[in-house]
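The structure appears below as structure tokens.
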Amino acid sequence: MSDSKRTGNRDISDLKARLGLKKGAAAGTGQTAARGNGAASGGVIPPPGLNLPPPPGVQAQPVIPNAADDPFGAMNAMAAQHAPYRAPEIVIHHDGKPVENVGTQSIGMTLVKIAVPALLALGIGVGIGRVSKDANFYNAGLEDASAILGDANQPSTVKATKKMLSDLDNQLDAMSKTGYRPDPAATKALSDMVTKLDVKTNIVFRAKQNALDGDLSGQILGFYSGVAEIRSMLDVHVKAAKADDKMLATAKQKTDDATLKEGENQQLAGQARYGVVIAASTEQDKDDFGARIVELGPVFCGDKQSTTGKCDEGGPSAYGYRNDPGGIAWQKGDLVTSGEDSVPAKKVVLLLPNGVRDALIKGSEPGASEAYYVKRLKTLAERTKKLITDANKLEGQLQTAASKNKRFSFFM
């Protein structure tokens with residue numbers, strides 16, 4: 001029994017020591033309690049019942065009762081102070097992507113949120129810009145149509161160019177009434193037309209002609225190409241005609257020299273001084289049968305040769321002719337002015353006008369130049385009339401295009 005008492009005393013002593021009830025442990029327990037209650041360090045222990053506020057930044061701890069007074073309350077407070085808390089639960093979800101992609105995905109979503117509105121705004125801006133560009137392009141085409149059409153006082157426009165083509169056509173019509181015969185005055189007028197038809201294409205096409213309808217644009221190019229062609233043809237003709245002037249003047253002089261004058265033969269004045277004499281063999285005069293071209297000369301009044309080209313009394317008795325140009329002796333011949341099936345020998349027959357006779361008189365080169373002269377003008381007249389027809393059609397289409405309403409544009 002004494003052993004059991006001793007054992008019980010030891011148990012109580014141990015319990016007091018654990019609870020800090022022993023005198024040796026009281027101070028340490030009080031200090032610990034004071035510090036646990038949030039008292040400031042420095043060894044100052046607050047009196048019982050006085051709880052000082054914790055220093056700034058320190059969380060207040062629960063008050064632990066004195067174990068000497070309430071051992072079980074002190075035990076419960078100490079147990080509550082050291083009660084374990086459940087750690088926060090972390091749920092791990094494996095999406096099959098590396099850990100590096102976690103931050104990248106969040107950045108990507110942010111970029112998507114920024115990029116989508118920006119792309120929408122850009123698309124709207126591009127759409128508005130394209131609509132405005134198309135409208136401005138269309139409106140420029142209408143302005144170009146009006147500028148190219150122009151009026152008769154604006155150089156190089158369709159109306160002004162058509163007026164010059166009409167003037168050229170009138171000039172060629174006037175020349176056609178004389179068979180397009182060479183005329184220096186007409187050549188001078190055509191030379192002036194070359195200068196007037198010098199179209200300034202940089203003025204016409206400084207507008208954006210590609211803004212027009214494709215078919216209309218093609219007709220404009222075709223028209224001005226035709227104008228350039230006519231100007232080139234006209235320029236070639238004028239240069240050739242100027243070069244031919246001297247040759248044609250020489251030919252004209254030869255024609256005048258080959259024409260009988262009133263002072264030489266009043267009866268045949270204006271006729272070519274060349275005729276034909278039929279040759280035939282007779283019993284008195286042996287000769288070859290054929291025709292000789294002879295030069296006609298003065299008339300004979302009786303047996304005498306007239307010096308005035310006429311006979312004072314009555315008509316001429318014969319017409320003089322000679323076989324050699326520049327000869328002295330004139331032979332007498334009878335002039336035949338009518339006949340049917342036959343012409344008697346040794347009778348003079350006049351040469352009727354034709355190209356061969358003129359070529360014999362003028363020479364081959366002046367005759368060819370004159371023929372080409374006429375041919376050039378005929379071709380030029382036909383091309384001019386065709387281009388005037390094209391100009392009328394183009395003028396109507398440009399007028400229609402210029403009168404259309406303009407389209408709305410955000411950027412006027």
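The values are calculated or read from the model by the stated rules, or taken from the named source; none is laboratory data. As the structure is a prediction and not an experimental result, all values here were calculated from the model. Positions of Cβ are backbone-derived with ideal geometry, glycine not excepted, and every protein chain shown enters the neighbour counts.
Scanning the range 315-326 for residues that are farther than 14 Å from Leu260 by Cα and surrounded by 12 or more Cβ atoms within 10 Å (Cβ to Cβ) returns Pro316, Ser317, Ala318, Arg322, Asn323.
Taking the listed residues Asp257, Asp288, the one that is surrounded by fewer than 12 Cβ atoms within 10 Å (Cβ to Cβ) and modelled with pLDDT of 85 or more is Asp257, with no other qualifying. The set of residues from the range 241-258 being touching a residue at least 60 places away in the same chain (Cβ under 8 Å) and under 47 Å from the mean Cα position of the chain (by Cα) comprises Ala241, Asp244, Asp245, Met247, Leu248. Somewhere in the range 251-273, is a residue touching a Pro at 6+ places or on another chain (Cβ under 6 Å) and either assigned by TED's automatic domain parsing to the domain that holds Leu377 or of a type in the set (Phe, Trp, Tyr) (or both)? Scanning the range 251-273 turns up at least one residue that is touching a Pro at 6+ places or on another chain (Cβ under 6 Å) and either assigned by TED's automatic domain parsing to the domain that holds Leu377 or of a type in the set (Phe, Trp, Tyr) (or both). Need the failing condition index for Ile148 against (1) modelled with pLDDT under 85; (2) farther than 16 Å from Gly396 by Cα, just the number. Unmet condition: (2). Looking at Thr384, Thr308, just one residue is in the same structural domain as Thr157 (by TED's automatic domain parsing) and modelled with pLDDT of 85 or more, and that residue is Thr384.
Restricting Ala251, Ala345, Ala329, Ala280 to residues that are within 30 Å of Val374 (Cα to Cα) and not β-branched (Val, Ile, Thr) narrows the list to Ala251.
The residue that is modelled with the lowest pLDDT, counting only those in the range 151-164 that are surrounded by 17 or more Cβ atoms within 10 Å (Cβ to Cβ) and outside any helix (DSSP H, G or I), is Ser156. Looking at the range 259-275, which of the residues that are of a type in the set (Gly, Ala, Ser) and in contact (Cβ under 8 Å) with a residue 40 or more places away in the chain is nearest to Asp324 (Cα to Cα)? Only one residue tops the list, namely Gly275. What number of residues within the range 290-326 are among the small types (Gly, Ala, Ser) and under 22 Å from Ala280 (Cβ atoms)? Of the residues in the range 290-326, 4 are among the small types (Gly, Ala, Ser) and under 22 Å from Ala280 (Cβ atoms). Only one of Lys310, Lys332, Lys304, Lys362 is over 60 Å from the mean Cα position of the chain (by Cα) and in contact (Cβ under 8 Å) with a residue 40 or more places away in the chain; which? Selected residue: Lys310, the only one of Lys310, Lys332, Lys304, Lys362 that is over 60 Å from the mean Cα position of the chain (by Cα) and in contact (Cβ under 8 Å) with a residue 40 or more places away in the chain.
With Ile278, Ile230 as the choices, which residue is closer than 30 Å to Lys200 by Cα, touching a residue at least 60 places away in the same chain (Cβ under 8 Å) and out of contact with any His (no Cβ under 9 Å at 6 or more places or on another chain)? Just one listed residue meets the conditions, Ile230.
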